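Q: Could you have a look at this structure, given as structure tokens, before my questions?
Read-outs: derived from the displayed coordinates by stated rules, not from any lab. Everything numeric here is computed off the predicted structure, so don't read it as measured data. A quick note on method: Cβ atoms are made from the backbone with ideal geometry, for glycine too, and the neighbour counts reach across all protein chains shown.
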Number of protein chains: 2
Amino acid sequence: MVNVQETIASVRGFRVAGVHAGLKKDNALDFALIRSRNDCKTAGVFTTNKVKAAPVLLNMERITKNPEKIRAVAINTVSANACTGWQGMDNARKTSDMVAEQLEIATEQVLVMSTGVIGTHLPMDKITKGVELSVEHLGHDWGATAAAMMTTDTRPKFASVKVMTAHGEYTIAGVVKGAGMIAPNMATMLSVIVTDADLTLEQTQTALKTANTQSYNQIVVDGDTSTNDMVVLMANGMSTTAIESDYDMETFQNALNALTQYLAQAVVRDGEGVTKFVTLDIQGADSDESAQKIGHTIAASILTKSAFYGNDPNWGRIVAAAGRADVPFEPAQTSLWITTGEEIFEEDYGLLIFKSGTPTDYEEANALEIMADDSIYITLNCGIGDGKATIWTCDISHDYISINADYRS
Amino acid sequence: MVNVQETIASVRGFRVAGVHAGLKKDNALDFALIRSRNDCKTAGVFTTNKVKAAPVLLNMERITKNPEKIRAVAINTVSANACTGWQGMDNARKTSDMVAEQLEIATEQVLVMSTGVIGTHLPMDKITKGVELSVEHLGHDWGATAAAMMTTDTRPKFASVKVMTAHGEYTIAGVVKGAGMIAPNMATMLSVIVTDADLTLEQTQTALKTANTQSYNQIVVDGDTSTNDMVVLMANGMSTTAIESDYDMETFQNALNALTQYLAQAVVRDGEGVTKFVTLDIQGADSDESAQKIGHTIAASILTKSAFYGNDPNWGRIVAAAGRADVPFEPAQTSLWITTGEEIFEEDYGLLIFKSGTPTDYEEANALEIMADDSIYITLNCGIGDGKATIWTCDISHDYISINADYRS
């Protein structure tokens, strides 16, 4: 059992800052910097959108060429620097040049992340100020760092795990921003995970890929995929606790999985206008991939999300969404349960509503009571194989529409 | 130029009715019947959802076995008879048995359609009443027929085309219901097209398939696909105007295309909570199929739809949606224009906002003025091939959420 803390004390060798560079109004934090004293083994996962923002392209190049030399990540909000052509790429490079100069490292050791409106150029005067201020304020304020990444997020999201092993201890800590366009969103899903554990590059890459598959890839706020999404894992080794045996690696992986799941779920909970947290437990699909597709299709269905919002046990919309996921699906083999909460215990899936293709004679009042909860657990067993997936999602509310109709104003 | 009429005078040999069977409250029409005096050559297109409602399965079987003998279609609202197992199938058959008995035809000559909530059984006492009343009231009231198909639709949708040829005239007429879950929706897209032209079965099938591809398949309200969608074309030949030459067939096809496009667009205009009609003109994709996928992805994006609702020229969301359509796409080759209206003339695409991967220096005020119109025309040229598609869609408003959060109550 991994104990995820909602705070970050410190991670050896890392210093961070979140400052006001003037991108947002009212002195809100809008520029963040994360810096390691040593070179980091670094792995990244990037948006699958064919429209990739300039910082995504730049980081992909740098992590490929110098995966063992990365030292810093600079992050701005308000402008996503996506769909900005050569000038956008130039601005991303210039940002990293400034960070490198201030930190006295090479520009190739700097990553940059942007989030905000697509199609606007970075205001370089404000970015310059952000770089200067953030270097000046480097310290341990992870809360300010997470706050400085926010767009329509309502609260900073950060957490850490401290791991004790027979041959030493280490910490893994992470910050994330999300909100809408999660699967992931407009405002983008950005996450930086750092650790002072001593990993090889290969371990770093494997650990991030595995963790990402069961955390950030399993959340859906609105089904849109941003041009800017990325997650990086930086390991600076400064705890000198090496990950050597398979058991060590398993311990590290479990801790990283728990941390990223916590952060991913925090993104859903803080989704734009969200009033309900919904867990979709898909079982019995013909493969894990099919289960994932079914879960994503249900989670991205506006109709299903509207029903969640309205406390409506309109389970037919869930089954109908599963039916259009474009994977093998047999209604006559399918059963559906609903209950409250975020986990189920001892395979008690709750109220059986639909059994082998036919509605049961469940009491509508019981279903209504469950759907009125702010945390709903839905189990869909497709009855045709062993494929499974767990997806975390939310409802769609009037506030979502308001937020996204007004985002740029 | 085909002249689509917003009325239906009569179509030889067809009688119709829309009655109140007690499914809806307040004497609202809720049961429809369409009957031909002669056997009809009949073609159908059905939902691709793997969860198919009982009436869909029944009609697929009947149109396959007896494509030249169909005589009647009975349609009920309120209950979709989907996810209802063997009992649902039994109820669909019983409905057709009653219609057949009253009309003194074989049950295999009867089609049935249902729309409404998924997972509830047909109330057979009310269905019985609907059959009796509708047979009693058979006549020419197409408006009542279209009204009796409605769920969350706000107005009946029906139209006709009269075609004059050198060797005689004929009429094509159609009714449609839609609203939400269009692509198509919850409440389902159902359409019945009838004609007194004298077509062969093969002509009927080809004509419907072609017409459907450029009409009902090109509209997106919310991106959900219903368990109940279907479109049928019934040709009873009673005008004795045969479709013989290629020219005759082309004339018929053009008329049917215009009629189905008119009806499809009427569905978008009457979409749940719609305040804007949006035309997406996708050009330069690597194939027509890719263009269609790009258009559908943009049209189904909640973020893009929210921006339409907010009059927000947030074109980055459009390009980002195109980038996740899972087809070849090169932002650096892509350009985007916006203008008002539902058609463009002389290739005047309006305001160029994004050119070959970079924002132009367009005036924000001009873009805002265009987006504030209730009819927007967006041209996206992908710059990599000859593939094209036109998609008709709409915004998502607070009313959509309200309607779908409350649908069952």
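Q: What is the sum of charges, Lys and Arg at +1 and Asp and Glu at -1, for the other residues whose Cβ falls under 13 Å from the Cβ of B:Ala166?
A: Numbers: positive: none; negative: B:Glu169, B:Glu244, B:Asp248.
Charge balance in the 13 Å sphere: -3.
Q: Could you give, in nm with one decimal, how far A:Glu289 is from each other copy of that position, shortest first, with labels 7 Å out from Cα toward Cβ?
A: 1.8
Q: Over the Cα atoms of the stretch B:251-333, how large are the radius of gyration and the largest Cα-Cα distance (Dmax), in Å?
A: For the stretch B:251-333, the Cα-based Rg and Dmax read 14.7, 42 Å.
Q: So, one more: Treating the angle as unsigned and between 0 and 90°, give the value, to the nearest 10°, between the Cα long axis of helix A:85-103 and the longest Cα principal axis of chain A.
A: 60 degrees
Q: Are there trypsin sites (Lys or Arg not before Pro) in the stretch A:70-164 that DSSP marks as loop and that have at most 10 other Cβ atoms within 10 Å, and which are they?
A: Working: sites: A:Arg71, A:Arg93, A:Lys94, A:Lys126, A:Lys129, A:Lys157, A:Lys162; in loops: none.
In loop regions of the stretch A:70-164 (DSSP not H, G, I, E or B), there are no sparsely surrounded trypsin sites (Lys or Arg not before Pro).
Q: Give, rounded to the nearest 20 debye, the magnitude of the charge dipole that the stretch B:277-405 has about its Cα centre when Lys and Arg contribute +1 at Cβ and Asp and Glu contribute -1 at Cβ.
A: Value, rounded to 20: 560 debye.
Q: Can you give the Kirkwood hydrodynamic radius for the stretch B:14-269, in Å, rounded to one decimal and based on Cα pairs?
A: Numbers: mean 1/r = 0.0566 Å⁻¹.
When all Cα pairs of the stretch B:14-269 are included, the Kirkwood radius is 17.7 Å.
Q: May I pose another question? Work through the residues other than A:Ile376 whose Cβ is under 14 Å from its Cβ and net out their charges, Lys, Arg +1 and Asp, Glu -1.
A: Once positives and negatives cancel, what remains is -4.
Q: Still on this structure, please answer the following. Can you run the Rg to Rh ratio on the stretch B:215-254? Use alpha carbon positions and the Kirkwood inverse-distance Rh.
A: Reported Rg/Rh, Kirkwood definition of Rh: 1.16.
Q: To continue, here is another question. Every other copy gets compared here: list the nm distances from the B:Gly13 label point (7 Å along Cα to Cβ) to its counterparts, shortest first, one decimal.
A: For B:Gly13, the inter-copy label distances come out at 8.4 nm.
Q: Continuing with this model, one more query. Let me know the charge dipole size of chain B about its Cα centre in debye, to the nearest 20, where only the beta-carbon of Lys, Arg (+1) and Asp, Glu (-1) is charged.
A: The dipole of chain B has a size of about 1560 debye.
Q: Just A:Gln87, A:Gln218, A:Gln203 to compare: in a GNM of chain A, with alpha carbon springs under 10 Å, which one fluctuates most?
A: Comparing A:Gln87, A:Gln218, A:Gln203 in a Gaussian network model of chain A, the most mobile one is A:Gln87.
Q: When each copy gets a label point 7 Å from Cα toward the beta-carbon at A:Glu136, what are the spacings between them in nm, shortest first?
A: Shortest to longest, the spacings are 8.6 nm.
Q: At 0.36 nm per residue, minus the direct Cα-Cα distance, what do B:Glu132 and B:Asn38 gain on full extension? Give it in nm, one decimal, please. Please report the intermediate quantities before stating the final value.
A: Working: separation 94, 0.36 × 94 = 33.84 nm, distance 2.07 nm.
That works out to 31.8 nm of additional length.
Q: With angles folded into 0 to 90 degrees, how steeply does helix A:201-213 sit against the dominant principal axis of chain A? Use alpha carbons for both and round to 10.
A: 30 degrees
Q: Follow-up. Mind checking A:303-312 for the average number of partner chain beta-carbons within 10 Å of each residue's beta-carbon?
A: Numbers: counts 13, 3, 4, 13, 6, 1, 5, 9, 3, 6.
That works out to 6 on average.
Q: For peptide B:355-362, compute the average count of partner chain beta-carbon atoms within 10 Å of each residue's beta-carbon. Let's see the in-between values first.
A: Details: counts 1, 1, 6, 8, 9, 0, 0, 0.
Taking all residues of B:355-362 together, the mean is 3.
Q: Connecting C-alpha atoms closer than 10 Å in a GNM of chain A, tell me which of A:Asn366, A:Asn217, A:Asn314 has the biggest fluctuation.
A: Of A:Asn366, A:Asn217, A:Asn314, the Gaussian network model singles out A:Asn366 as fluctuating most.
Q: Within 14 Å, Cβ to Cβ, of B:Val56, how many net charges do the neighbouring residues add up to if Lys/Arg are +1 and Asp/Glu are -1? Don't skip to the answer; put the middle values down first.
A: Numbers: positive: A:Arg324, B:Lys50, B:Lys52, B:Arg62, B:Arg93; negative: B:Glu61, B:Asp229.
Neighbour charge sum, excluding B:Val56 itself: +3.
Q: So what are the radius of gyration and Dmax for the Cα set of the stretch A:5-124, in Å?
A: In Å, with Rg to one decimal and Dmax whole: 14.3, 42.
Q: Next question. What number, in percent, do you get for the relative contact order of the stretch B:14-269 if the mean sequence gap of Cα pairs under 8 Å and at least 6 apart is divided by its residue count? Don't skip to the end; give the middle numbers.
A: Working: 684 pairs, mean separation 59.5, N = 256.
This gives 23 percent for the stretch B:14-269.
Q: Turning to a different aspect of this structure: Measuring from label point to label point, each 7 Å out along Cα→Cβ, what is the A:Lys209 to B:His121 span in nm?
A: Rounded to a tenth, the inter-label distance reads 5.3 nm.
Q: Let me ask something else. Kindly provide the Kirkwood hydrodynamic radius of the stretch B:277-405 in Å, to one decimal, from all pairs of distinct alpha carbon atoms. List each step's numbers first, then the result.
A: Details: mean 1/r = 0.0688 Å⁻¹.
Answer for the stretch B:277-405: a Kirkwood hydrodynamic radius of 14.5 Å.
Q: Ignore the peptide's own chain and count Cβ atoms of other chains within 10 Å of each Cβ in A:47-56; give me the average, rounded. Present the calculation step by step, with values, prior to reporting the outcome.
A: Details: counts 3, 3, 10, 13, 13, 2, 3, 0, 0, 0.
Rounded to a whole number, the mean comes out at 5.
Q: Might you report the magnitude of the Cβ-based charge dipole of the protein assembly as shown about its Cα centre, with Lys and Arg at +1 and Asp and Glu at -1, to the nearest 20 debye? If you can, show how the numbers build up before the last one.
A: On the way: 62 positive and 102 negative charges, 11 e Å.
Charge dipole of the protein assembly as shown: 60 debye, to the nearest 20.
Q: Can you find, among A:Ala367, A:Pro328, A:Thr390, the residue sitting farthest towards the positive end of the charge dipole of the stretch A:277-405, where Lys and Arg contribute +1 and Asp and Glu -1 at Cβ?
A: A:Pro328
Q: By per-residue mean of other Cβ atoms within 10 Å, what is the highest-first order of B:293-302, B:60-69?
A: Numbers: B:293-302: 25.2, B:60-69: 14.7.
Answer by packing, highest mean first, reads B:293-302, B:60-69.
Q: Continuing with this model, one more query. For the stretch B:43-87 and the stretch B:272-308, what is the separation of their Cα centres, given in Å?
A: 29 Å
Q: Shifting gears a bit: Take the eigenvalues of the Cα gyration tensor for the stretch B:85-155, scale each by 5, and report the square roots as semi-axes in whole Å, largest first.
A: Numbers: eigenvalues 78, 70, 19 Å².
Taking √(5λ) for each Cα gyration eigenvalue gives 20, 19, 10 Å.
Q: What list of ³J(HN,Hα) couplings, whole Hz, do you get for the stretch A:377-391 from phi and the Karplus terms 6.51, -1.76, 1.60, once you set θ to phi - 60° and write x for glycine and proline?
A: In residue order, the calculated couplings are 10, 10, 10, 10, 9, 7, x, 10, x, 10, x, 9, 7, 10, 10 Hz.
Q: How compact is the protein assembly as shown by the rule of thumb for globular proteins, expressed as Cα Rg over 2.2 N^0.38 Å?
A: Numbers: Rg = 28.8 Å, N = 818, 2.2 N^0.38 = 28.1 Å.
So the protein assembly as shown has a normalised radius of gyration of 1.02.
Q: When a footprinting reagent is the concern and you count Cβ atoms within 10 Å, what order do A:Asp39, B:Asp312 take, fewest first?
A: Numbers: A:Asp39 17, B:Asp312 21.
Result, fewest neighbours first: A:Asp39, B:Asp312.
Q: R0 = 45 Å: FRET efficiency of A:Glu330 with B:Asp373, Cβ-based, nearest 0.05? Write out the running numbers ahead of the final one.
A: Details: r = 46 Å, r/R0 = 1.03.
Approximately 0.45, to the nearest 0.05.
Q: Run lengths n ≥ 4 of DSSP H only: what is the helix-derived mean residue ellipticity at 222 nm for chain A, with -39500 (n - 2.57) per run over all residues, to the nearest 500?
A: Numbers: 11 runs with 133 residues, N = 409.
Calculated mean residue ellipticity at 222 nm is -10000 deg cm²/dmol.
Q: If you don't mind, another one. Could you list B:Ser226, B:Ser402, B:Ser191 in order of exposure, starting from the residue whose Cβ has the fewest other Cβ atoms within 10 Å? Don't skip to the answer; put the middle values down first.
A: Working: B:Ser226 33, B:Ser402 16, B:Ser191 27.
With the fewest neighbours first, B:Ser226, B:Ser402, B:Ser191 line up as B:Ser402, B:Ser191, B:Ser226.
Q: Ok, one more. Between the stretch B:95-126 and the stretch B:324-370, how far is it from one alpha carbon centroid to the other, in angstrom?
A: 49 Å
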